Structures are given as structure tokens and as C-alpha cells.
1. Quick one: which residue in K143, K138 is free of Cβ contacts under 8 Å to residues at least 40 places away in the same chain and in contact with a helix residue (DSSP H, G or I) (Cβ under 8 Å, 6 or more places away or on another chain)?
2. Across segment 143-177, what is the number of residues that are in contact with a Leu (Cβ under 7 Å, 6 or more places away or on another chain) and aromatic (F, W, Y)?
3. So which residues in segment 52-104 are of a type in the set (V, I, T) and touching a residue at least 60 places away in the same chain (Cβ under 8 Å)?
4. Kindly list the number of the only condition in (1) of a type outside the set (D, E, K, R); (2) surrounded by fewer than 13 Cβ atoms within 10 Å (Cβ to Cβ); (3) under 27 Å from I76 (Cα atoms) that fails for I41.
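Values quoted throughout were computed directly from the atomic coordinates according to the rules given, and no laboratory measurement underlies them. Note that this is a predicted model, so its numbers are computed, not measured. Cβ coordinates were reconstructed from backbone atoms using ideal geometry, including for glycine residues, and neighbour counts include every protein chain displayed.
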Amino acid sequence: MLVSIVLFCFIANSMVNNGIMAEIDHKIADLIKKASFNNRIALFITFWGNRLTIIIIEIVMLAFCKVYKYHREAIIIFFAVQTEFILNFFLKNFFQRSRPGSDFFPSSIYGYSFPSGHAMDAACFYGILIYFSFIFIKDKRIKVFNTVFFSLLILLIGLSRAVLGLHYFSDILGGFCFGIFWASLWILLYKNFSGGKIG
């Protein structure tokens, strides 16, 4: 948890002061342009990090929690995700970093860039789902599958944002770091206040 927030602060400082991250951003952007990724595939992947998509999945998860009386888990999922949405809005407006823009999307209509909302949302929400799958699912194979699947989804969502030209690498990495930090904070609260109980 501490590592992720320290790394976020380092990335933010480097970004503001045009440090090493600026150079890395440009090099990765050039590599992505040369690679010629398929934008349709990137759009499909980025869909799973869209805020509306996450809200819909969240509602399904909350309904599941209500039916099976996982009240504490529902509270964690709801407040972790909703507060993360709010924090991302304030962070974007605090740093006010312009998007790189691309031929595929005009940068002017998509707001600020740092940290990436898709990356931050995915790391927080899907990260919490990974944690709860370890608690409630007994089959080790399913646990491993969920961890690999959601981890890859998080990474691919971040990559899709760079492929579409909507974010710099540092935006995505910063979003991952803060999303992991925020998910870890709520998981810590869950552990401390659940008293070892579930439901």
C-alpha cells in the first residue's frame, strides 16, 4: 500500500517537473505508434474500464451481496468505488494535465489526463474483486484464474488507453498506483472492522 502511494507521488512529481517520466512517456508513445495496434480491439478492452461499465458490474455485485447477506462486503465495494471516482475527479483537476491527443480521438473533449480514470477505476474495482475471490472461493484453481484474469484485464485496460492515444504512460501508471493504494486502504479497513467475520 505504501509503495503504491510513494510511487504515485514520484510519478506526479516527475510529471509536474518534466523529469524522467516525460522522457519515458515520449519513448513509449513512439513505440506504440510504430506497433500499429488495432483500435477496435483497444476500444473493446477499454470498454471494461469505462465508468458506466464498472457501475453496472458494481450494481450486480451489490445485488449479489444483498441476496447472500454479505453486508460488510457490499459496503466496502460501494464506498471504495464511489470515493475513488470522486478522488479521480479532484486529482485530474488538481494536476490539470492535457491529454496527448490522437488521430483517433480529439483530446479536447475528454478532459484532463493525469491520473488515468480507466486505469485507476480498474485497479481499484477489479483489485477488490480479486481480494474477495480469495476470501470466498474455496477452489484454488478458480482463485488463480480470477487473479490472472482480472490482473490481465487491469493491465490491458491501461494499455488500451495508451493505444488509443488518450493517455501518457505516466497517466496510466499513476492511475494504477493510486487505484491499488485506494483498494488496499479499503481492504485494510475491511480486515480491521470485520473482526475476522464475513457477511
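1. That would be K143, the only listed residue that is free of Cβ contacts under 8 Å to residues at least 40 places away in the same chain and in contact with a helix residue (DSSP H, G or I) (Cβ under 8 Å, 6 or more places away or on another chain).
2. Qualifying residue count, segment 143-177: 1.
3. I54, I57, I76, T83
4. I41 satisfies all of (1) of a type outside the set (D, E, K, R); (2) surrounded by fewer than 13 Cβ atoms within 10 Å (Cβ to Cβ); (3) under 27 Å from I76 (Cα atoms) except (3).
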